[in-house]
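Written out below as structure tokens is the structure these notes cover.
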Amino acid sequence: MDSKKYYILLFLALLLSTVSFSQDLVWNNPQNHTQNIVQGTGWPKELKGTYNRLPERIKPEARKPVWNLSLQSAGNYIEFKSDAKYLEVKYIVEKKDYAMPHMPSTGVSGLDLYLKNGDSWLWEPGKYNFKDTITYKFDNIDITQERVFRLYLPLYNQVTWLEIGSPKGKKFTFLPLNPDKPIVVYGTSIAQGACASRPGLAWTSLLGRYMNQNIINLGFSGNGILDKPIVDIISEIDAKLFILDNMPNLDDSSRFPESDVKERVFYAIQKIRKNHPKTPILLTQHSGGNTALVIEKQRNDAFHRINDIILKCYTEVRKSDNNIYFLNTKSINMGIDSTVDGLHPNDIGMVEHAKAYEKLISQILK
């Protein structure tokens, strides 16, 4: 047999083996489950069958960019039990611009798979292919019995369809929603996950794993400005803690004078207090305000201005409400190596955020 025929036959054999393996997979679609099993959502009954973050009834009241961002699955994840050593995920997203200039496709449009290991989580790297239908393949998973997996969904894209494949004969069961009261995070692009390299490295995802807490990510890139309709609907959630991390979107003095910022902050606190008189509320300063070594005076001045305003709000409210808490910029402690652009955290900055929140929240919830 000549070498040309040999390589043709070898190629066909490899192709057939791949096809037969794919046919041996059982495909599981979370949207077809009888119950909503998408974790990290505040209105599970209303959001069944979707990967959205806000219910449809808010659409007429929400500003259009907020609504569009709420269709992106930041913070959402799916948990399942399986004993499979191979898993494959295929899915379709709305935007075919899979990446952004300052954030890779693996964070914007990618997935992230973790495996529960006692009180910690192990990461399972996947082989990915970004085409019209995106695929992630997780091979050689080192398990000998059924284990709990957590699959994080894209941070900056809308998932329209997704299936998880496991080999025939292997166990696979979707897990029900976490019954614990959640920690609700209302914030900006930083909370949504910009610019983590993977969904599991957004600070809300890190915090959820660090503390074994149910986290709801309501970060809206460029639009976390304490809109009344969003504050109103968020205040419906029976949470154990509300985090308001909105200052990075309110630092433009030409759009948001001090009086306007204070009005928005006070309204948010009062609205949450009306529905939840004793639930802790955590106000957060602009995390970029600590990067004083960035040589840009205008940027630093804007960060310091908004941080002074939120400190004034906290000081005033704290006089009559001892369930108001404050996370300052210094505690987050981002430095010049913590961001991609002087504002949005890279993976280092995300870990710094998560650890700062973990330290304070541990004290709040003790």
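The values are calculated or read from the model by the stated rules, or taken from the named source; none is laboratory data. Values in this document were obtained by computation on a predicted structure and should not be read as measured data. As a convention, Cβ positions derive from the backbone with ideal geometry for all residues, glycine included, and neighbour counts pool all protein chains shown.
Consider only pairs whose beta carbons are under 6 Å apart and that are at least six residues apart or on different chains; among these, list those whose first residue lies in region 79-93 and is over 19 Å from GLU146 (Cβ atoms) and whose second residue is of a type in the set (Val, Ile, Thr) and in a strand (DSSP E or B).
LYS90/THR135; TYR91/ILE134; TYR91/VAL159; ILE92/THR160; VAL93/VAL159
Quick check: anything in region 61-74 of a type in the set (A, V, I, L, M, F, W, C), within 21 Å of LEU113 (Cα to Cα), crowded, with 19+ Cβ neighbours inside 10 Å and in contact (Cβ under 8 Å) with a residue 12 or more places away in the chain?
Yes, region 61-74 has at least one match.
Looking only at region 284-298, which residues are farther than 15 Å from ILE332 by Cα and at pLDDT below 80? Show your work before the answer.
We begin by selecting, within region 284-298, every residue farther than 15 Å from ILE332 by Cα; these are 293-298.
Scanning region 284-298 gives LEU293, VAL294, ILE295, GLU296, LYS297.
If you go through region 341-366, how many residues are over 20 Å from ASP180 (Cα atoms) and of a type in the set (Ser, Thr, Tyr)?
0
Which residue pairs have Cβ atoms under 8 Å apart, sit 6 or more places apart or on different chains, and have a first residue in region 94-109 that is closer than 16 Å to LYS127 by Cα and a second that is buried (at least 18 other Cβ atoms within 10 Å of the Cβ) and of a type in the set (D, E, K, R)?
Close Cβ pairs (under 8 Å, with a partner that is buried (at least 18 other Cβ atoms within 10 Å of the Cβ) and of a type in the set (D, E, K, R)) amount to THR106/ARG198; GLY107/ARG198.
Return the residues of region 98-138 that are under 19 Å from the mean Cα position of the chain (by Cα) and acidic (Asp, Glu); say none if nothing qualifies.
ASP112, GLU124
Which one of these does PRO277 not meet: (1) surrounded by fewer than 21 Cβ atoms within 10 Å (Cβ to Cβ); (2) closer than 28 Å to LEU206 by Cα; (3) not small (Gly, Ala, Ser)?
(2)
Quick check on this structure: which one of ILE348, ILE336, ILE364 is surrounded by fewer than 21 Cβ atoms within 10 Å (Cβ to Cβ) and within 25 Å of LYS278 (Cα to Cα)?
ILE364
Considering region 84-99 alone, what residues qualify as being in a loop (DSSP other than H, G, I, E, B) and either of a type in the set (A, V, I, L, M, F, W, C) or surrounded by fewer than 16 Cβ atoms within 10 Å (Cβ to Cβ) (or both)? I'd like the intermediate steps shown before the answer.
Taking region 84-99 first, the residues in a loop (DSSP other than H, G, I, E, B) are 84-86, 94-99.
Matches in region 84-99: ALA84, LYS85, GLU94, LYS95, LYS96, ASP97, ALA99.
Considering only residues of region 105-138 that are among the polar types (S, T, N, Q) and under 15 Å from LYS95 (Cβ atoms), which is surrounded by the most Cβ atoms within 10 Å (Cβ to Cβ)?
Among residues in region 105-138 that are among the polar types (S, T, N, Q) and under 15 Å from LYS95 (Cβ atoms), the one surrounded by the most Cβ atoms within 10 Å (Cβ to Cβ) is SER109.
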